[in-house]
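What follows is a short report on a single structure.
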Amino acid sequence: MAKLRIAITHGPDDDPRAQRRRRGAPRKSDAQEVAEVLRRAGHKTFFVVVDGAPKCLKRLASVDADLVFNLVEGFGDDNTKEPHVAGYYDLLGLRYTGSGLRGLALAMDKALAKKVLQFHGIRTPRFVTVYRGRLDWAHDVEFPVIVKPVREDGSIGIGFSALAGSIKELMERIDVLHADFDHPVLIEQYIEGREIYLGVIGNEQPETFPPVELTLT
């Protein structure tokens, strides 16, 4: 296998230099772990911090690497800008790991992702999207429901109060989310079940990793 020069891009919280300054850090950063594995395989690595500052765009534009190992999950304090970073790699002509702009943008929009699942016949809980100042209630969506922002990363905007069991609780939660986030709200029928992840790697011939279950007990 050819030895590569690999840039490991990451956010400020994963900066190895910041990790060293923190006394008693419980573990190495993800960037450090990745670098060690790649170096053991004989590749040359270096870190690039993507912190949202204008100069970080210049740093990326000057990157001289065979591959970017992308660990960036946002831009500055805005996690919804994760797809934009991948788009910037595309503009620069950089080869990078992980999903591209289109995949990241689709995953970021929960309502659009659910519509794609429905189109392909994949079951997903019933849902409705609520825009500011308008409530188009879907009568086949029954309480209890989960109320969440449409376009936020991970579980941002989701807490114990996200579960609504009545119209009153639902409207109160919608008001809070519309005040805190500048985009629509997703109302999704609550279902009980297990949360299982399957990682996928590859392009033309993708392969799946073994299932991993998330438990909160």
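Remarks
- The ranking of Ser29, Ser99, Ser166 by Cβ neighbour count inside 10 Å, starting from the fewest, reads Ser166, Ser99, Ser29.
- Counting only Cα atoms, the chain measures 58, 39, 38 Å along its principal axes, largest extent leading.
- For the range 5-106, the equivalent ellipsoid derived from the alpha-carbon gyration tensor has semi-axes of 21, 17, 13 Å in decreasing order.
- Farthest toward positive dipole pole in the chain [+1 Lys/Arg, -1 Asp/Glu at C-beta], among Leu67, Val141, Gly52: Leu67
- Electrostatic dipole magnitude of the chain [Cβ: Lys, Arg +1; Asp, Glu -1; Cα centre; debye, to 20]: 880
- Placing R0 at 45 angstrom, the Cβ-Cβ distance between Lys44 and Thr124 gives a FRET efficiency of 0.55 after rounding to 0.05.
- With R₀ set to 35 Å, the beta-carbon distance separating Ile191 from Arg132 gives a calculated FRET efficiency near 0.85.
- Among the listed pairs Lys148/Lys168; Lys55/Lys81; Lys115/Lys148; Lys55/Lys110; Lys28/Lys81, those beyond 24 Å (Cα-Cα): Lys55/Lys110; Lys28/Lys81
- Cross-link reach is defined here as a Cα-Cα straight distance under 15 Å, omitting same-chain residues fewer than 8 places apart; for Lys44 the aspartates and glutamates meeting it are Glu33, Glu36, Asp64, Asp66.
- Order by protection proxy (mean Cβ within 10 Å, highest first), peptides 203-216, 179-192: 179-192, 203-216
Every number here is computed from the coordinates shown, using simple stated rules; none is lab data. Since this is a predicted model, take the numbers as computed values, not measurements. All Cβ positions, even for glycine, are placed from backbone atoms using ideal geometry, and neighbour counts span all protein chains on display.
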